[in-house]
Amino acid sequence: MQAEAKIVARQHELIGFASDCANRYVFVGHMTDDAGPTFDELSLPLPLGSTFFSPAIEQVRKFAYAVEDESGWLVGDPAEALVHPLFLSTYMWFPSGFYLRAPGEIGHFELFRQRHDHLVGTPFLHGKSSARFRRPFRLGRRIRADVAVTEKYHRRGRDFIVMRASFFDADDAALAVFDHTCAIRSEEVQRAAVPFPPPVPTSPSELPPRRMEMSLEKSRLFSLPAENYHTHDRLAQAMGVRVAIPAAMMSFAYLSRFAQDIFGDDAWISRGSLDATFTRMLQRDDVLSIEGHRKDGAALALSIYNARRDPVAVATACLLDVP
């Protein structure tokens, strides 16, 4: 693929940018006596403010090609330069995965760290994501994200927060709402998630499975230029895992595409709802199987299995009844 080859080639030209970004993702926690409120003292909801983005088409395609979406996440007439709102989910961990960074752009998690870095430990892990799509956005126009922490809880030795990002275009039209759940502090590295029971499909409504080959090259395309545990075995081993672990948002993209192919482009982009739980870490060089069945009428129960038939993600997808 010529476009992908150009993007990959730029990794070598822009790798000098990686050192600056990488410093943002060193897994070291801070705690001082006067650092601020404790986790239990956080008052909710906790508004974190607004941040603005101006994505470039090269950046959109970079993420899309990493998850084998040949559309490049463009929708409709190419002349209109409309982009699937799924792309907006990547701003959770911005600037991870972004070559270009305009002044003032900052990711949702970094907004939290600016105020409460003393609460962020090692490792911080992505546990769940939910999306509510409303409409595509147009390249060349600024996008606003209003971000807040809406929930918090402690489970299995980890402190969790739920961050909500509501996206709007330059005309203040709603584009999408995302809820991301992540563990901001863990008492120890969770090498394997607590076993999650796989869904039980019913034969008459089984959906044709899709096979995806995970690779380090795809993970690097998704997460570079900053080297981190997604892109480098040694950095992954430093946090206690065997090999590089691709970003959970790659699973989210696979699930979204699977649902979109069933519901149709227009319906999914304007009314799609996806709730996903990441039950195990992905591993490079794994072979994934995306499977599902219909439940409760039009809803889909989806799962991603690794080569050992462990579920690495489970999700529910449906279309919302909205104007």
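Taking G97, is it open to solvent by 10 Å² or more (accessible area, probe 1.4 Å), touching a Ser or Thr at 6+ places or on another chain (Cβ under 6 Å) and under 23 Å from V241 (Cβ atoms)?
Considered against the rule, which asks whether it is open to solvent by 10 Å² or more (accessible area, probe 1.4 Å), touching a Ser or Thr at 6+ places or on another chain (Cβ under 6 Å) and under 23 Å from V241 (Cβ atoms), G97 comes out as no.
Could you figure out which of (1) modelled with pLDDT under 95; (2) under 18 Å from T38 (Cα atoms) isn't true of T150?
(1)
Go through the residues of segment 86-94 one by one and say whether even a single one is at pLDDT 95 or above, open to solvent by 10 Å² or more (accessible area, probe 1.4 Å) and of a type in the set (A, V, I, L, M).
No.
Only one of R271, R294, R280 is open to solvent by 50 Å² or more (accessible area, probe 1.4 Å), touching a residue at least 40 places away in the same chain (Cβ under 8 Å) and in contact with a Pro (Cβ under 8 Å, 6 or more places away or on another chain). Can you tell me which?
The unique qualifying residue is R280.
Within segment 213-226, track down each residue that is aliphatic (A, V, I, L, M) and touching a Ser or Thr at 6+ places or on another chain (Cβ under 8 Å).
If the condition is that a residue be aliphatic (A, V, I, L, M) and touching a Ser or Thr at 6+ places or on another chain (Cβ under 8 Å), then L216, L224, A226 are the ones that fit.
From the list E68, E58, pick out the single residue that is among the charged types (D, E, K, R), under 30 Å from V287 (Cβ atoms) and not in a helix (DSSP H, G or I).
E68
Taking the options A193, A165, A170, name whichever one is modelled with pLDDT of 95 or more, surrounded by 12 or more Cβ atoms within 10 Å (Cβ to Cβ), within 19 Å of the chain's Cα centre (by Cα) and small (G, A, S).
After applying the criteria, what remains is A165.
Does segment 234-268 hold any residues that are open to solvent by 30 Å² or more (accessible area, probe 1.4 Å), touching a residue at least 24 places away in the same chain (Cβ under 8 Å) and not aliphatic (A, V, I, L, M), and which are they?
Within segment 234-268, R242, R257, F263, D265 qualify.
Has segment 70-83 got any residue that is modelled with pLDDT under 95, of a type in the set (S, T, Y) and closer than 15 Å to F160 by Cα?
No, that holds for no residue.
Of the residues F109, F98, only one is in a helix (DSSP H, G or I) and either at negative phi or touching a residue at least 12 places away in the same chain (Cβ under 8 Å) (or both); which?
F109
Does H126 satisfy being closer than 22 Å to A236 by Cβ and open to solvent by 10 Å² or more (accessible area, probe 1.4 Å)?
Against the criterion (closer than 22 Å to A236 by Cβ and open to solvent by 10 Å² or more (accessible area, probe 1.4 Å)), H126 qualifies.
Just wondering, is there one or more residues in segment 180-189 that are acidic (D, E) and part of a strand (DSSP E or B)?
No - not one qualifying residue is present in segment 180-189.
Return only the number of the condition from (1) farther than 22 Å from L274 by Cβ; (2) touching a residue at least 12 places away in the same chain (Cβ under 8 Å); (3) not aliphatic (A, V, I, L, M) that P78 does not satisfy.
(2)
Out of (1) under 18 Å from the mean Cα position of the chain (by Cα); (2) part of a helix (DSSP H, G or I), the odd one out for A79 is which?
(1)
From D233, D310, grab the single residue that is touching a Lys or Arg at 6+ places or on another chain (Cβ under 9 Å), under 27 Å from R61 (Cα atoms) and acidic (D, E).
D233
If you check every pair at least six apart or on different chains, which have Cβ atoms under 9 Å apart with a residue in segment 146-166 that is assigned to a loop (DSSP other than H, G, I, E, B) first and a residue that is hydrophobic (A, V, I, L, M, F, W, C) and surrounded by fewer than 20 Cβ atoms within 10 Å (Cβ to Cβ) second?
From segment 146-166, the pairs are R156/V194.
The values are calculated or read from the model by the stated rules, or taken from the named source; none is laboratory data. Since we're looking at a predicted model, the values are computed, not measured. All Cβ positions, even for glycine, are placed from backbone atoms using ideal geometry, and neighbour counts span all protein chains on display. Heads up: the accessible areas ignore ligands, DNA and RNA and are worked out on the full protein's heavy atoms, side chains in. Shrake-Rupley method; radii C 1.70, N 1.55, O 1.52, S 1.80 Å.
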